[in-house]
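Structure record follows, encoded as structure tokens.
The values are calculated or read from the model by the stated rules, or taken from the named source; none is laboratory data. Remember, predicted model here, so these are calculated numbers, not experimental data. Note: ideal-geometry Cβ built from the backbone for every residue, glycine included; neighbour counts use all protein chains shown. When the accessible area is computed, the model is the full protein with side chains, heavy atoms only, and any ligands, DNA or RNA have been set aside. Shrake-Rupley method; radii C 1.70, N 1.55, O 1.52, S 1.80 Å.
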Amino acid sequence: MGSHEEERLLLEEGHVHVESGNDGLHTGDGSVDSKGNPVLKSKTGNWRACPYILGTECCERLAYYGIATNLVSYLAKNLHEGNVSAATTVMTWSGTCYLTPLIGAVLADAYWGRYWTIAAFSTLYFIGMCTLTASATIPYFKPPECVDSVCPFASDAQYAIFFFGLYLIALGTGGIKPCVSSFGADQFDDTDPVESVKKGSFFNWFYFSINIGALISSSLIVWIQDNAGWGLGFGIPALFMGFAIVSFFSGTNLYRFQRPGGSPITRMCQVLVASFRKWNLVVPDDSSLLYELPDKSSAIEGSRKLLHTDELKCLDKAAVISDAESKHEDYSNAWNLCTVTQVEELKILIRMFPIWATGIVFAAVYAQMSTMFVEQGMVMDTSIRSFSIPAASLSTFDVISVIFWVPMYDKVLAPLAKMFTGQDRGFTELQRMGVGLFLSILCMSAAAIVEVFRLSYVVDTAVAAPMSIFWQIPQYFLLGAAEVFTFIGQLEFFYDQSPDAMRSLCTALSLLTNALGNYLSSFILTVVTSLTTQGGQPGWIPDNLNVGHLDYFFWLLAALSSFNLVVYVFCAKMYKFKKVS
């Protein structure tokens, strides 16, 4: 009796403990090797497979940021686009890079599996990088240099080659983005308590590898592009994308694979259609009367069974067996009758939605690093003796902060928190994200305070304030710390709480918050500008920030983040973890 009660309590707390096979030598999460056979724990996965995946991610991120960081300069200087046109092009492309993960996620979960999705889209990615390098290297593929103030525009053919390469990169990075972190987490057996803890550590080092790549790109690669030429500046990232592919394939024999489970979108539509068709049926009080396969395996390939939950009972109608189905014993039409596991998949997504939505506001705060933080820095003292510091280069302190906080969290904070919380990983995913949201409030507050002091130093509104740009370091450092808590917490949460056969899709949805956060930031900026410039007023954010009030804008974001944190805490307390059979 005691063991059954303990098992029930563990399930209610969201922990998963499943037998790892009869002999305990094989994984218990359904993973297989490259040939489809059950895998031995001692010879596959775990940390022995992760260096190849982390190496892939580091090289891929170096390649991506090697293009993205300085792309606006290439468009303005080499393709001779105007500032507005160049900025619009970059924003459109960046937004596309965060929308295309939905394509890779659906293909990975439904048909190809994460391994082959990464392999296919990495190849497209590399072709795109090579095409972009060719467009910057071969004279016929790029417009002539400017002569005095006359700068010839690129021809249609030159634009076509450039944008073909650029959007092939967007498709490639989007295709692999939701799969690499999930594939790395697949190397740790959910049913093994020891490996499950290690998985939390993997997400920390995964984000660490991203920022190592970003640091090299934002410093060395950008310098090469500005000083040694764009052909070499694009060629080196292309070379590293080649290294990423080699690193990924090198670990094939060590990987654990999860089978694709069919289209998650189709399964969700089937639940909605079946529940609508049976709207007049009554859901039985005894959940065991709902339809589910009698054996241990789930009807969804590569997925464990999910236990019934009492929320959203209207969806349970999809699993109610009608008299006609019972009479003819025909349970084959999934558009009429769905399993409990299939219904619970949709319930999980609905339960995760409020947590997902609160991430959009955080992403809007994060977007300030490449926009308002830079504009604030441009009207501060950027000189160190005779050397002038580019305002955008202070984003390096955000990367340094992440590189500092990841090992600090993994080796110090998490073990320390474990002593107080009793959680194997120190913090739960929800607690971790909450800390990050709180730090984002401090970040915006620090930026606002810096702006208040900067305005007090303004003597001549026509020149930058005599206040060192290094006063911005605290806000960058706080933002980096917030990333480590929130973004990595999101990766953990959406992987752990998503249904087994929908993990790539849920990871893609978490990435979508970045795109929506940028859109939200643009919307807030537009509204603020419209309201504060009425009556001929300069507004909060005029072209000359010395006569504006950028601090008000930062305080507004701090207030919005505070409200978002309150909503998040409420949603986190209401959230119920998935229950796995």
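Please find the FRET efficiency linking M378 to L124, where r is the Cβ-Cβ separation and R0 is fixed at 30 Å, and quote it to the nearest 0.05.
0.20
Evaluate E = 1/(1 + (r/R0)^6) for V412 and Q537, where r is the Cβ-Cβ distance and R0 equals 56 Å; express this FRET efficiency to the nearest 0.05.
The formula returns an efficiency of 0.70 here.
Tell me, how many Å apart are the Cα centres for the stretch 186-225 and for the stretch 333-363?
Answer, in whole Å: 27.
At a 1.4 Å probe, what is the % contribution of carbon and sulfur to the accessible area of the chain?
Of the solvent-accessible surface of the chain, carbon and sulfur hold 66 percent.
Could you work out Rg/(2.2 N^0.38 Å) for the chain, with Rg from alpha carbons only?
Working it through for the chain, the quotient is 1.05.
May I ask you to order 481-488, 138-145 by the average number of other C-beta atoms within 10 Å around their residues, highest value first?
481-488, 138-145
Report the equivalent ellipsoid semi-axes for the stretch 62-123 in whole Å, largest first, defined as the square roots of five times the eigenvalues of the gyration tensor built from alpha carbon atoms.
Whole-Å semi-axes of the equivalent ellipsoid: 31, 12, 7.
What number, in percent, do you get for the relative contact order of the stretch 507-565 if the mean sequence gap of Cα pairs under 8 Å and at least 6 apart is divided by its residue count?
17 percent.
Roll a 1.4 Å probe over the protein chains and send me the accessible area per residue for the stretch 49-165 in Å².
Solvent-accessible surface per residue comes out at 43 Å².
Using a simple spin-label model with points 7 Å from Cα along the Cα→Cβ vector, what separation in nm is obtained for V246 and A462?
Distance between the two pseudo-spin positions: 5.7 nm.
Mind checking the per residue accessible area of the stretch 345-498 for me, 1.4 Å probe, whole number of Å²?
Here the residues of the stretch 345-498 average 39 Å² of exposed surface.
Provide, as a two-decimal number, the C-alpha radius of gyration of the stretch 203-274 over 2.2 N^0.38 Å, N being how many residues it has.
1.78
What is the percent of Cα-Cα separations in the stretch 346-460 that go past 25 Å?
Roughly 43 percent, rounded to a whole number.
With an 8 Å Cα cut-off and a minimum separation of 6 or more residues, compute the relative contact order for the chain in percent.
Here the relative contact order equals 19 percent.
Can you tell me the 0 to 90 degree angle between the C-alpha axis of helix 156-185 and the longest principal axis of the chain, rounded to 10?
In the chain, helix 156-185 runs at an angle near 40 degrees to the longest axis.
Express the relative contact order of the stretch 457-548 as a whole percentage, based on alpha carbon pairs under 8 Å and six or more residues apart in sequence.
After rounding, I find 26 percent.
Could you rank the peptides 183-193, 127-137, 279-289, 38-48 by their average count of other C-beta atoms within 10 Å per residue, with the highest value first?
Answer by packing, highest mean first, reads 183-193, 127-137, 38-48, 279-289.
Of all DSSP beta bridges located in the chain, what percent are antiparallel, nearest 5?
Roughly 90 percent of the beta bridges in the chain run antiparallel, per DSSP.
Pull the list of the chain cysteines that no other Cys approaches to under 4.7 Å, Cβ to Cβ.
Lone cysteines by the Cβ rule: C50, C58, C59, C97, C130, C179, C269, C314, C338, C443, C506, C571.
Rounded to the nearest 500, what is the chain's calculated 222 nm mean residue ellipticity when only DSSP H runs of at least 4 contribute -39500 (n - 2.57) each, over all residues?
About -20500 deg cm²/dmol.
Points 7 angstrom from Cα along the Cβ direction at F570 and N333: gap in nanometres?
Going from the F570 label point to the N333 one covers 4.3 nm.
Could you check the spin-label model distance between F420 and K35? Points 7 Å from the Cα along Cα→Cβ, value in nm.
Result: 5.2 nm between the two label points.
Report, ordered by chain and residue number, the lysines lying within cross-link reach of K411, taken as a straight Cα distance under 16 Å and ignoring same-chain residues fewer than 8 apart.
Cα-Cα hits under 16 Å: K198, K199.
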